[in-house]
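Visitor: First the structure, which I've put down as structure tokens, then a few questions once you've had a look.
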Amino acid sequence: MSTRATTKSRAIKRAAVFAAVAIASASVPFAANAARVPNAAAKPKQGGDITVGIFDQVLTTCYTPNVPNSALGVLKSVMEGLVEKKEDGTFVPFLAESFSNSADFKTWTIKLRSGIKYSNGEDLNAANVVLNLNALAGNLYLAASAKKSTAYDHTAGSGIPFTANLKSVTAVDAMTVQMDLWTAQVDWLDTLYASGRFFMRSSSSIASKDECVGGSVGTGPFKFEKVSATEVKVVRNPNYWRKDASGTQLPYLNSITFKYVEQPTQRLNGLKSGSLDAAQFASAGEVKQIVSVRESSKLGSIDSADSFYPTFWLNQGIEPFNNKNARLAFAHAWDAATYYKLRNCFKGKCVGNIPTSIVGPKNVMYNKAGYLKTDIKKSQQYQKAYRDETGKDLTVELTATMSAESLANAKAVQQILKKAGIASTINQEDGATQVAKAFPGAAAAASGKLNPYQAYPVLLFEGTGTGFILPFISPNVFKEPGNLSTTVKTPLLAVVGMALNVTRHADTALASLVWDAKADITSARPTKLKAVTKYLQENAVVVPTPTLAYTFGFSSKLQGYSKFKLASGGLGIPMTNAGINWTGVYVTK
């Protein structure tokens, strides 16, 4: 549940801010989900094999470790979820036909679409969905572990703490599933969506570690033919359950080969030379390549909405950020406007925005109150307080992936911190390794292997809602009031419940605010959520960086990527951090 890790002092504060804002205002705006489609009038046709460049390794097709952004898009070509998001952010049924909730928001019922099969011929039915939800929630893993069996260890992922509120799941009939929650949750559908990460897998994939890891079977338009960390090939699922408006069986493409190409210049060159038919880019250090794609008359492109809000997660479980003065010193040293100028702009064109809160204006948690602005004098005062308390100068270890652009991001952060007097070093690891360490599976969390990074830059906050926000700022999702999992299931969950707590905080005041807002089903909920934001900001629990956007570039021979048509009607979000939906993409020549 993470993304490729990327990092994002001022010389004179006002001048730097003015310069960055001036560049932003002079830039050519990148509209939300804007698309350029050459030869858009061409009609869809079946056939074609394409190659796509992505920036993340695919370490598994199973539950753990988590796959980041572009690797997630690979999995989504094969597996699908119960619900999907419309363009306006509302949830609609996908594999589900309908859903409903009780008046107290503690019981949710899903009716499944009939006639859907997995690519191996298994039926999608209530029994299978119950099995899937029990696997996600860790019930299969816990039951096997109680018998000293490792049969379901492969299912023990971060879905366990993420679905902590799921009390039980039962099949009402052959096609209807009921989910009972420990506490009221108005955004339970957001949890089932999990930023597009909660898929339904065949029963055989849940039972078999080898199948789950090396080629999970889904209901999606494609199926896995070859899986390695650096190259994945998916081929057309001839029995896919969807057809287009004219009755043609979907998908159109015969196959897609996804290749891991870490360096953005190589992805861009591959796209221009024709060795890649499509390639994904992120604005965190890849603006030059995004601009080049958008300015090319020979390429098509689509951009995500400006709805991704990356932040530094300051680790309170280890030095130096177990000290509040250190966190406040970092927050006041950080200059998002200067960083934006350095890393989000190229030739007067900028991608993303300078933050004014930890989330964007369209998110229900948006609040400027408590937002800590760049102030070197205050930073130095907090550095002195830290030095007086600990006898040490404040130094920070930053994190970067192995790509040149990610390293450049970290070096830009270094420059900003240095101007405030904070020394820093850079630790480079590949992004997939970082995600596995920062978001440990159940077994790793149970053994105490929690996030080891001091200031982990990661995208967790997104969209307009809270379903993919609140779980990460709860100190322990299994200790929320009303959740009896540690008593009813196993005390082990008390440790596993910390796996999503990337800051590793144990702040009881923050916990109270988060839990109260999460369980509220009244009109007071938005106000409570804004109070959470204020606390996070004024206490430097997380520190926001410029907003993040994603772009996919395409060969002119490809079409069908600008719209994601939903099974329930209407349009889904065509471009996200995971890329596009490949169901309707086709080759024109």
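Visitor: Counting just the Cα atoms, what span does segment 441-580 cover along each of its three principal axes? Round to the nearest Å and put the largest first.
Guide: 56, 39, 34
Visitor: Could you state the per residue volume, in Å³, of the convex hull enclosing the Cα atoms of segment 186-234?
Guide: Given the Cα convex hull of segment 186-234, per-residue volume reads 99 Å³.
Visitor: Using the Karplus curve 6.51 cos²θ - 1.76 cosθ + 1.60 with θ = phi - 60°, work out ³J(HN,Hα) for each residue of segment 583-589 in order, rounded to whole Hz, and write x for Gly and Pro.
Guide: My calculation for segment 583-589 gives 4, x, 7, 9, 9, 9, 7 Hz in order.
Visitor: Local charge sum around PRO320 (other residues, Cβ-Cβ under 11 Å, Lys/Arg +1, Asp/Glu -1)?
Guide: In short, 0.
Visitor: Could you list, bin by bin from short to long, the percent of Cα-Cα pairs of segment 371-433 in 10 Å steps?
Guide: 21, 41, 27, 11
Visitor: From the gyration tensor of the Cα coordinates in segment 86-184, what semi-axes in whole Å does the equivalent ellipsoid have, largest first, with each one equal to sqrt(5λ)?
Guide: 24, 19, 13
Visitor: Enter the Cα centre distance for the pair segment 448-491 and segment 182-204, rounded to the nearest angstrom.
Guide: Their Cα centres are 15 Å away from one another.
Visitor: Give the Kirkwood hydrodynamic radius (Å, one decimal) of segment 210-344, defined as one over the mean of 1/r across all pairs of different Cα atoms.
Guide: Working: mean 1/r = 0.0521 Å⁻¹.
For segment 210-344, inverting the mean 1/r across all distinct Cα pairs yields 19.2 Å.
Visitor: Would you tally the net charge around ALA442, using a Cβ to Cβ cut-off of less than 14 Å, leaving ALA442 out, and scoring K and R as +1, D and E as -1?
Guide: Overall, the nearby charge balance is +1.
Visitor: Oh, and also: How much of the calculated P(r) for the chain lies past 34 Å, in percent of all Cα pairs?
Guide: On the way: 65905 of 173166 pairs.
The answer is 38 percent, as a whole percent.
Visitor: No solvent, one uniform scatterer per C-alpha: report log10 I(q)/I(0) for segment 284-391 via the Debye equation at q = 0.13, 0.21 1/Å, two decimals.
Guide: Once normalised to I(0) and log-transformed, intensities are -0.65, -1.16.
Visitor: Express the relative contact order of segment 227-333 as a whole percentage, based on alpha carbon pairs under 8 Å and six or more residues apart in sequence.
Guide: Across segment 227-333, relative contact order equals 14 percent.
Visitor: Considering only the other residues whose Cβ falls under 15 Å of the Cβ of ALA164, what net charge follows from Lys and Arg at +1 and Asp and Glu at -1?
Guide: Details: positive: LYS106, LYS167, LYS479, LYS489, LYS518; negative: ASP180, ASP187, ASP190, GLU480.
Neighbourhood net charge equals +1.
Visitor: What does the convex hull of the Cα atoms of segment 28-165 come to per residue, in Å³, rounded to a whole number?
Guide: Values: hull volume 29.9 nm³, N = 138.
Looking at segment 28-165, the number lands at 217 Å³ per residue.
Visitor: Would you please classify the overall shape of segment 314-367 from the alpha carbon gyration tensor, given that a ≥ b ≥ c denote the square roots of the eigenvalues, rounded means a/c under 1.5, and beyond that prolate means a/b larger than b/c while oblate covers the rest?
Guide: oblate
Visitor: Still on this structure, please answer the following. Give the distance, in whole Å, between the Cα centre of segment 348-395 and the Cα centre of segment 106-173.
Guide: If you average the Cα positions of each part, the centres end up 41 Å apart.
Visitor: Counting each DSSP H run of 4 or more residues in the chain as -39500 (n - 2.57), what helix-only mean residue ellipticity at 222 nm follows after dividing by all residues, to the nearest 500 deg cm²/dmol?
Guide: Values: 21 runs with 182 residues, N = 589.
Helices in the chain give a 222 nm mean residue ellipticity of -8500 deg cm²/dmol.
Visitor: Using Cα pairs under 8 angstrom and six or more residues apart, how large is the relative contact order of segment 262-304, in percent? Before the final figure, lay out the partial values.
Guide: On the way: 24 pairs, mean separation 12.5, N = 43.
Relative contact order here is 29 percent.
Visitor: Still on this structure, I have one more. Of the listed pairs LYS86/LYS298; LYS45/LYS272; LYS243/LYS557; LYS106/LYS479, which have alpha-carbon separations greater than 27 Å here?
Guide: Details: LYS86/LYS298 30 Å; LYS45/LYS272 24 Å; LYS243/LYS557 22 Å; LYS106/LYS479 18 Å.
Cα-Cα > 27 Å for LYS86/LYS298; rest within.
Visitor: Let's test this: bin the Cα-Cα distances of segment 134-242 at 10 Å from zero up to the farthest pair and state each bin's percent.
Guide: Once binned at 10 Å, the Cα pair distances of segment 134-242 give 12, 37, 36, 14, 1.
Visitor: Let me ask something else. What is the order of VAL488, VAL293, fewest Cβ neighbours within 10 Å to most?
Guide: So the ranking, lowest neighbour count to highest, is VAL488, VAL293.
The numbers here are math on the coordinates, done by the rules we state, and not lab data. This is a predicted model, so every value here is computed, not measured. Cβ sites come from the backbone with ideal geometry, for glycine too, and all protein chains shown count toward neighbours.
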